[in-house]
Amino acid sequence: MSDATCPAAILPLRFLGDPVLRSKASRVDAFDADLRTLAESMVASMYAHHGIGLAAPQVGRPIRLIVVDTGEQRDGSEAFALVNPEIVEQEGAVTGEEGCLSIPGIVAEVERSSRVRVRGSTPAGEPLEIVATELLARVLQHEIDHLNGILFVDRLGPMRRRMALREWRRRRTRDEPAAPAAGA
Ligand code: NI
């Protein structure tokens with residue numbers, strides 16, 4: 001249940017090393033109130049953790065649901081949730097900096113398609129199609145990767161992946177607070 005007097009829950013994040021991040025998430029069949037509540041809680045959690053995108057496995061739910069907000073307002077007005085998202089077209093290639101809420105403190109340059117067309121549904125079950133470029137295209141590809149158990153460090157070359165993972169372990173050992181980066 002959720003209503004205006006009951007703010008959406010802030011869900012704890014799962015981090016690199018948690019097997020849920022490596023599972024292939026299941027398709028959503030039930031477009032019910034639980035799904036809408038989870039989507040609302042994921043939007044609130046994305047803001048609380050300073051992210052621009054969040055996939056359900058990152059909060060321990062291996063289902064095909066993502067939320068995204070690459071806007072400036074950060075008040076829910078530009079956020080959207082996408083259920084069972086699929087990339088149906090992609091073109092071009094562009095390299096840009098990426099981070100992940102599940103690997104805090106690590107950023108790296110990742111190559112992505114520069115334009116994608118993504119098809120899915122809203123949490124209410126309405127079809128939703130998005131044609132995205134720039135940051136939104138990058139975040140959508142990053143989040144859909146999460147649903148397939150893929151993390152952005154998997155898309156680095158072997159040497160840069162080793163460096164990123166070494167830095168991650170170093171930070172975990174010292175329990176360093178992560179600098180807020182645009183994580184997704
Ligand atoms: Ni991520």
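Being within 16 Å of S121 (Cβ to Cβ), of a type in the set (K, R) and out of contact with any Cys (no Cβ under 9 Å at 6 or more places or on another chain) narrows it down to one residue among R14, R74, R22, R36; which is it?
R36
Tell me which of these G51 doesn't satisfy, since it passes every other one: (1) over 13 Å from A184 (Cα atoms); (2) crowded, with 16+ Cβ neighbours inside 10 Å; (3) of a type in the set (G, A, S); (4) out of contact with any His (no Cβ under 9 Å at 6 or more places or on another chain).
(1)
Just one of A137, A132, A124 is small (G, A, S) and in a helix (DSSP H, G or I); which is it? Please lay out each step first, then the result.
Numbers: A132 fails: in a helix (DSSP H, G or I); A124 fails: in a helix (DSSP H, G or I).
The conditions single out A137.
Mind checking which residues of region 29-64 are outside any helix (DSSP H, G or I) and without any contact (Cβ under 8 Å) to a residue 60 or more places away in the chain?
The answer is D29, A30, D32, G60, R61, P62, I63.
Would it be correct to say that S113 is of a type in the set (G, A, S), within 22 Å of P62 (Cα to Cα) and touching a strand residue (DSSP E or B) at 6+ places or on another chain (Cβ under 7 Å)?
Spelling it out, it is not the case that S113 is of a type in the set (G, A, S), within 22 Å of P62 (Cα to Cα) and touching a strand residue (DSSP E or B) at 6+ places or on another chain (Cβ under 7 Å).
Take the residues in region 55-65 that are surrounded by 21 or more Cβ atoms within 10 Å (Cβ to Cβ) and farther than 11 Å from L11 by Cα; name whichever of them is nearest to the ligand (Cβ to nearest atom).
Across region 55-65, the extreme among qualifying residues is A55.
Provide a single number: the residues in region 120-144 that are more than 14 Å from the ligand (Cβ to nearest atom), of a type in the set (D, E) and under 24 Å from S23 (Cβ atoms).
Residues flagged as more than 14 Å from the ligand (Cβ to nearest atom), of a type in the set (D, E) and under 24 Å from S23 (Cβ atoms) within region 120-144 amount to 0.
Read the figures in this text as sums done on the coordinates, not as results from a lab. Quick caveat, the model's predicted, so the values are computed rather than measured. Quick reminder, even Gly has a Cβ in these numbers, built from the backbone with ideal geometry, and neighbours come from all protein chains shown.
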